[in-house]
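A short write-up of the structure that comes next.
The values are calculated or read from the model by the stated rules, or taken from the named source; none is laboratory data. Computed from a predicted structure; not experimentally measured. We place every Cβ from the backbone using ideal geometry, glycine too, and count neighbours over all the protein chains shown. We work out accessible area using only protein heavy atoms, side chains counted, and drop any ligands, DNA or RNA first. Shrake-Rupley method; radii C 1.70, N 1.55, O 1.52, S 1.80 Å.
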Amino acid sequence: MADDLMQKIISLCKRRGFVFQSSEIYGGLKSAYDYGPLGVEMKRNLMNAWWRDTVHSREDVVGLDASIIMHPKVWQASGHLSGFSDPLVDCKVCKERFRADKAPQVEPGQEVTLELADKGRAKTALTYIDEQFGVKLERSGRQLIGAKAGNRSYVCPNCRSPFMSDERNFNLMFRSFYGPVDPMGALASAIESGEFNGLSGTDLRAKLDGFTKDSTVYLRPETAQAMFVQYANIQQSMSLKIPFGIAQAGKSFRNEITVEHFIFRSCEFEQMEMEFFCEPGTEDEWFEYWKETRMSWWQKFANNPENFRVRSHEASELAHYAKGCYDVEYRFPWGWDELEGIANRTDYDLRKHAEHSGSKIEYFDPVERKRYTPYVIEPAAGATRGVLTYLCDAYHEEEVEGPKGTDTRVVLKLHPQLAPVKVAVMPLVKKNGMPEKARALVNDLFRRGINASFDAQNAIGKRYRRHDEIGTPWCLTIDGQTLEDGTITIRDRDTMEQRRIAIDDAVTEIETLLRND
Ligand code: GAP
């Protein structure tokens with residue numbers, strides 16, 4: 001059922017130009033997605049709404065747009081170089097590589113049945129397990145029966161085998177090389193000259209790292225660090241008084257081992273983060289304030305606000321920098337999952353950057369005449385994950401009576417602020433001056449900054465359905481009566497109700513509807 005809904009959403013996204021698999025004609029890149037003409041509008045609408053409500057509607061938050069590639073020492077100071085990793089395991093039977101912390105849970109010693117892709121693979125695996133591990137299993141079709149889970153409390157997510165490699169930590173940051181020097185050239189010469197001959201695995205690794213370390217840079221895995229690194233410049237240039245926040249929205253990159261649920265987890269994604277700097281001792285109050293503010297922000301655009309909840313992290317779940325964390329979670333088709341984290345990062349990051357850079361990163365309170373390192377509350381949201389959230393929230397099917405009997409209507413009940421197209425303008429027929437009137441109305445809407453669409457293709461019923469499916473909140477139709485009395489119909493996407501308004505009032509009407517939502 002959950003898979004079914006996700007499949008419908010994925011298929012609608014492709015069919016209607018919201019999201020495509022990246023490089024699809026070459027077989028696609030597993031974890032990368034392209035936002036098509038409607039997807040890019042929806043993502044921008046969401047990010048613009050966040051910017052408007054987080055930066056433009058507040059006096060205490062300012063913005064930043066930092067570079068994606070930063071000095072490598074940033075990631076050393078933040079702990080990402082040593083600690084930003086996932087526990088990675090290889091299944092020895094089916095060769096799947098997976099995250100230990102996301103694998104299916106079993107009790108140690110519990111009987112498990114392996115399931116291979118086909119009979120042939122099951123036969124090969126049966127012999128392999130016997131030879132490698134001295135374990136004799138029974139085969140039934142593509143299943144292998146009689147294995148027991150070891151002391152680890154998980155099995156392979158692909159074939160349920162308990163036969164796997166040790167866990168290894170895998171750093172999630174994408175590495176690249178900066179500047180005109182190609183370390184591969186120097187490396188090739190060194191190999192040719194025999195510099196590497198006879199080195200042990202560890203020494204070889206250290207030597208290889210030596211060749212690349214001076215030019216290695218990383219694609220940022222979060223937007224947050226730039227806001228800590230630029231804290232002093234921003235505070236001083238803008239003469240900001242604590243408490244204040246710095247907000248940034250943009251791309252982040254993580255070499256995720258497990259990519260799952262369409263755009264929910266991908267290697268390249270967009271974040272909307274804000275670092276709120278406050279006086280030590282006031283952080284608990286701000287932590288609660290931002291939890292409430294962020295939760296109600298997500299609910300504001302939702303049809304089903306009960307599908308959002310706040311969950312407090314257990315101590316064992318907390319990131320190395322956090323004293324406390326709330327997750328705003330959404331009830332996705334596969335269950336509750338994270339949409340945004342609100343963390344109390346204490347003064348960890350500012351202190352670390354002060355320590356590693358040698359710069360003074362503090363705040364001087366001119367009234368109390370005291371100096372301190374501010375504490376930070378960080379609401380960190382996923383914009384691309386937000387797009388998926390609202391697509392799930394908006395997807396709706398209903399049975400309606402049509403000219404050919406009962407039919408299923410698919411509607412994306414997107415909040416008008418998020419809808420890619422705000423209004424469709426349709427001439428009922430392509431004659432009698434109707435298309436000209438429709439085009440003139442579209443141009444009037446454009447002039448007021450409203451994303452409108454002229455649509456004269458197919459019968460009117462089909463056009464309404466097409467716009468229902470992409471979430472267009474209103475359709476304006478020019479018909480025979482328009483030519484007589486200057487009125488047009490305005491159709492509401494959710495109720496399908498139509499009423500007549502004067503064509504001259506149409507732009508104001510749409511502006512009012514958009515403002516009221
Ligand atoms: N600065 C803190 C930070 O980055 P995070 O919980 O790792 O915290 C914040 O990320 C949000 O970014 C998550 O709640 C999620 O919405 C989004 N996010 C993280 N990894 C993602 C991925 N691989 N794909 C899509 N969104 C992701």
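Just a few scattered comments:
- A count restricted to segment 336-349 and to residues that are free of Cβ contacts under 8 Å to residues at least 60 places away in the same chain and open to solvent by 20 Å² or more (accessible area, probe 1.4 Å) stands at 3.
- A224 meets the conditions (1) at pLDDT 85 or above; (2) more than 15 Å from the ligand (Cβ to nearest atom) in every case but one. The failed one is (2).
- For first residues located in segment 166-184 and without any contact (Cβ under 8 Å) to a residue 40 or more places away in the chain, partners that are assigned to a loop (DSSP other than H, G, I, E, B) and lie 6+ apart or on another chain with Cβ distances below 7 Å form the pairs G179/S215; V181/S215; P183/S215.
- Meets criteria (at pLDDT 95 or above, within 21 Å of W336 (Cα to Cα) and part of a helix (DSSP H, G or I)) for E288: no
- Any hit, segment 151-160, residues being hydrophobic (A, V, I, L, M, F, W, C), closer than 22 Å to P87 by Cα and in contact with a Phe, Trp or Tyr (Cβ under 8 Å, 6 or more places away or on another chain): yes
- Strands (runs of 3 or more DSSP E) lying entirely in segment 299-359 (those with 2 or more residues that are acidic (D, E) and in contact with a strand residue (DSSP E or B) (Cβ under 7 Å, 6 or more places away or on another chain)): 324-332, 335-346
- Lone qualifier among G386, G405 - being buried (at least 23 other Cβ atoms within 10 Å of the Cβ) and either at pLDDT 95 or above or of a type in the set (G, A, S) (or both): G386
- Being over 22 Å from W50 (Cβ atoms), more than 17 Å from the chain's Cα centre (by Cα), away from the ligand (no atom under 11 Å from the Cβ) and open to solvent by 20 Å² or more (accessible area, probe 1.4 Å) is a condition met by at least one residue of segment 283-300.
- Being touching a Pro at 6+ places or on another chain (Cβ under 7 Å) and within 14 Å of the ligand (Cβ to nearest atom) is true of S252.
- Whichever residue in segment 311-321 is closer than 25 Å to L388 by Cβ and either open to solvent by 70 Å² or more (accessible area, probe 1.4 Å) or within 13 Å of the ligand (Cβ to nearest atom) (or both) and, among such residues, is modelled with the lowest pLDDT: A319
- Where strands (runs of 3 or more DSSP E) fall entirely within segment 141-234, those with at least 1 residues that are open to solvent by less than 20 Å² (accessible area, probe 1.4 Å) are at 143-148, 216-218.
- Single unsatisfied condition, I263 versus (1) assigned to a helix (DSSP H, G or I); (2) within 10 Å of the ligand (Cβ to nearest atom); (3) surrounded by fewer than 17 Cβ atoms within 10 Å (Cβ to Cβ): (3)
- Among (1) touching a residue at least 60 places away in the same chain (Cβ under 8 Å); (2) within 35 Å of the chain's Cα centre (by Cα) - the single one A424 does not satisfy: (1)
- One residue alone among R331, R369, R351 is at positive phi and either away from the ligand (no atom under 13 Å from the Cβ) or hydroxyl-bearing (S, T, Y) (or both), and that residue is R369.
- Filter pass, I257 being open to solvent by 20 Å² or more (accessible area, probe 1.4 Å), within 11 Å of the ligand (Cβ to nearest atom) and either assigned to a strand (DSSP E or B) or aliphatic (A, V, I, L, M) (or both): yes
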